[in-house]
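One structure below.
The values are calculated or read from the model by the stated rules, or taken from the named source; none is laboratory data. A quick note: this is a predicted structure, and the numbers were derived from the prediction, not measured. No Cβ is skipped: glycine too gets one built from the backbone with ideal geometry, and neighbour counts run over all protein chains shown. Just the protein is used for accessible areas: all its heavy atoms, side chains included, with ligands, DNA and RNA removed. Shrake-Rupley method; radii C 1.70, N 1.55, O 1.52, S 1.80 Å.
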Amino acid sequence: MSTTQEPSFRDSVELMYSRAVKLMDLSPGLEEKIRVCNATYTVRFGVRLRGDLHTFTGYRAVHSEHMEPVKGGIRFAMAVHQDEVEALAALMTFKCALVETPFGGSKGGLRIDPNEWEEHELEQITRRFAYELAKRDLIHPSQNVPAPDMGTGEREMAWMADQYARMNTTDINARACVTGKPINAGGIQGRTEATGRGVEYALQEFFRYPEDMEKAGLSGTLAGKRVVVQGLGNVGFHAAKFLSEEDGSLITAVIERDGAIINDEGLDVEALSAHIRANGGVKGFAGGTYTEDGSAVLEKECDILIPAALEGVIHMGNAKNIKAPLIIEAANGPVTAGADEILRKKGCVIIPDLYANAGGVTVSYFEWVKNLSHIRFGRMEKRQEEAQHRLLIEELERLSSDKGLGWELSPDFKAKFMKGAGELELVRSGLDDTMRTAYQAMRKVWHERDEVEDLRMAAYLVSIERIASSYRAKGL
Ligand code: NAD
């Protein structure tokens, strides 16, 4: 592929798909079936606010229904448009297949600046949007299950779920119509942190393979690695927090809407996040040096670059200046197809979005299963597990004392060993396993097939093959 003009986000996704299918043996019909977006619903609805009638435009795209329900976030942003929603829905199809969540791909968006509206106004708007979607089964526990994305979170998901429940008063599975809800409204522990946590697990897995690190010219562990993060929202904040607090990485710069903050000794992520919440931006943060030109900081020397804001930020204009040897796409589509080619030629390793940010949909899957099973994970097993572990400890202590061996188990070990797994531990374990397994499937293709140059191609190949098998099984 040779790109001379910057492709749009949607074209980028299609180009990446085309590059992958060239390496596959798909019939042209099936290739086309998997490529196209099945349907996109556009709705324009009015809400009376501040004495006037305001019209809002929203979308819900369903890319592939080879498995149902279809799944994908709803974003609230002024830049939302049909092409973007369709590109994001396609990514959801590939992502769900890659991490083996039993869903097709979908995505939604509402063209709105959430900061312009009071909370009670946003609730009215969100409920009305949810009503329009639910009326057409575009929110439905077995048909289409939205989740949070840019500009939306637990609060919006709770409003949507409640709206669905009001419209379907006898549906015992109503709560499974949306994921990413607050715990008290049917959510699951660990969902808010899930996408950022998944980014951390993805990097941990990458750093388990010296030959993979070598491709990026890296070695050692995550400890001390210099990390630049763009977008300290839900995904960027959690990824940065866990990498700095648990893996010893240094967050040397954070880029936000109003500029960037740099500190080569490592930024205090919690403090910076609190500063952004209080002041609306990074400017004025005392723990680092401010610069207004945020996009220039993407080109800063570092070991790992984490774009976690929006699509298209690494493009043909700046790709050649990017110095990071490893990019992990926490956002969807941050690297355009043109930039991808430039970076590949430079030897930069990119951990692709459809894998890197799949932690969100993975834990959404757990939440959906929890809602359908009507029981919290770990509720039946936790105390039983603790009783078993206590038995073992008591037996070891008895043996030690009977035989005069003088063994002493430290209180800290005993406390940790005896603690049964609750919901959060189980969710993290399931997420870690998912991220490891999916990475292993990708790297196998990356290393075993000479024509597969990069992890993105490997990810697409694994995923498209699974979707194709699903369609074939349906007789298509
Ligand atoms: P968010 O709204 O919580 O955070 C986005 C952050 O990016 C905000 O802090 C915002 O100020 C910042 N930002 C926006 N425009 C910017 C710009 N031009 N330059 C620098 N910073 C900018 O959104 P999020 O949920 O964290 O999503 C971020 C990305 O991750 C999106 O691409 C989204 O599709 C993807 N994603 C999110 C989830 C999830 O679970 N939330 C799951 C998978 C993928």
Of (1) open to solvent by less than 60 Å² (accessible area, probe 1.4 Å); (2) farther than 30 Å from ALA194 by Cα; (3) of a type in the set (Lys, Arg), ARG398 fails just (1)
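Out of THR93, THR57, THR40, THR101, which single residue is more than 23 Å from the chain's Cα centre (by Cα) and among the hydroxyl-bearing types (Ser, Thr, Tyr)?
Numbers: THR93 fails: more than 23 Å from the chain's Cα centre (by Cα); THR40 fails: more than 23 Å from the chain's Cα centre (by Cα); THR101 fails: more than 23 Å from the chain's Cα centre (by Cα).
Of the residues listed, the single one that is more than 23 Å from the chain's Cα centre (by Cα) and among the hydroxyl-bearing types (Ser, Thr, Tyr) is THR57.
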Qualifying residue in the stretch 339-349 (condition: assigned by TED's automatic domain parsing to the domain that holds MET435 and within 15 Å of the ligand (Cβ to nearest atom)): no
Members of the stretch 164-183 that are open to solvent by less than 40 Å² (accessible area, probe 1.4 Å) and either without any contact (Cβ under 8 Å) to a residue 60 or more places away in the chain or away from the ligand (no atom under 16 Å from the Cβ) (or both): TYR164, ALA165, ALA174, ALA176, CYS177, VAL178, PRO182
Candidate set: the stretch 191-245, residues that are acidic (Asp, Glu) and crowded, with 24+ Cβ neighbours inside 10 Å; chosen: the one farthest from the ligand (Cβ to nearest atom): GLU200
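Here's a check for you: in the stretch 360-378, which residue that is aliphatic (A, V, I, L, M) and within 16 Å of the ligand (Cβ to nearest atom) is farthest from MET16 (Cα to Cα)?
Per the criteria, the residue is VAL363.
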If I filter the stretch 116-123 for residues that are buried (at least 17 other Cβ atoms within 10 Å of the Cβ) and in a helix (DSSP H, G or I), do I get at least one hit? yes
Working only within the stretch 290-347, note down all residues that are in contact (Cβ under 8 Å) with a residue 60 or more places away in the chain and of a type in the set (Ser, Thr, Tyr). THR336
Going through (1) in the same structural domain as GLY294 (by TED's automatic domain parsing); (2) open to solvent by 10 Å² or more (accessible area, probe 1.4 Å) one by one, ALA387 fails only at (1)
Can you say whether ALA130 is over 15 Å from PHE56 (Cβ atoms) and open to solvent by less than 40 Å² (accessible area, probe 1.4 Å), as far as the supplied structure shows? no
Which one of these does LEU138 not meet: (1) open to solvent by 20 Å² or more (accessible area, probe 1.4 Å); (2) closer than 30 Å to GLN440 by Cβ? (2)
Restricting to the stretch 141-163, give me the number of residues that are under 15 Å from GLU65 (Cβ atoms) and within 16 Å of the ligand (Cβ to nearest atom). 1
Going through (1) open to solvent by 30 Å² or more (accessible area, probe 1.4 Å); (2) under 25 Å from the mean Cα position of the chain (by Cα) one by one, VAL21 fails only at (1)
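Every residue, every condition in (1) under 24 Å from ALA87 (Cα atoms); (2) buried (at least 22 other Cβ atoms within 10 Å of the Cβ); (3) out of contact with any Lys or Arg (no Cβ under 8 Å at 6 or more places or on another chain); (4) polar (S, T, N, Q), yes or no:
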residue	(1), (2), (3), (4)
ARG111	yes, no, yes, no
ASP149	yes, yes, no, no
GLU156	yes, yes, yes, no
MET160	yes, yes, no, no
One residue is enough: does the stretch 350-359 have a residue meeting the conditions open to solvent by less than 10 Å² (accessible area, probe 1.4 Å), away from the ligand (no atom under 14 Å from the Cβ) and either in contact with a Gly (Cβ under 6 Å, 6 or more places away or on another chain) or not in a helix (DSSP H, G or I) (or both)? no
Could you please find all residues in the stretch 95-115 being within 16 Å of TYR365 (Cβ to Cβ) and not in a strand (DSSP E or B)? LYS95, CYS96, ALA97, LEU98, VAL99, GLU100, THR101, PRO102, PHE103
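Can you work out which of the residues in the stretch 295-327 that are within 22 Å of the chain's Cα centre (by Cα) and over 24 Å from GLY151 (Cα atoms) is surrounded by the fewest Cβ atoms within 10 Å (Cβ to Cβ)?
Within the stretch 295-327, the subset within 22 Å of the chain's Cα centre (by Cα) is 298, 303-315, 324-327.
Now drop any that are not over 24 Å from GLY151 (Cα atoms), which leaves 303-304, 324-326.
Working: ASP303: 21, ILE304: 27, ALA324: 25, PRO325: 19, LEU326: 24.
Per the criteria, the residue is PRO325.
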When you scan the stretch 186-250 for helices (runs of 4 or more DSSP H) that lie fully inside it, which ones turn up with 3 or more residues that are in contact with a Ser or Thr (Cβ under 8 Å, 6 or more places away or on another chain)? 234-246
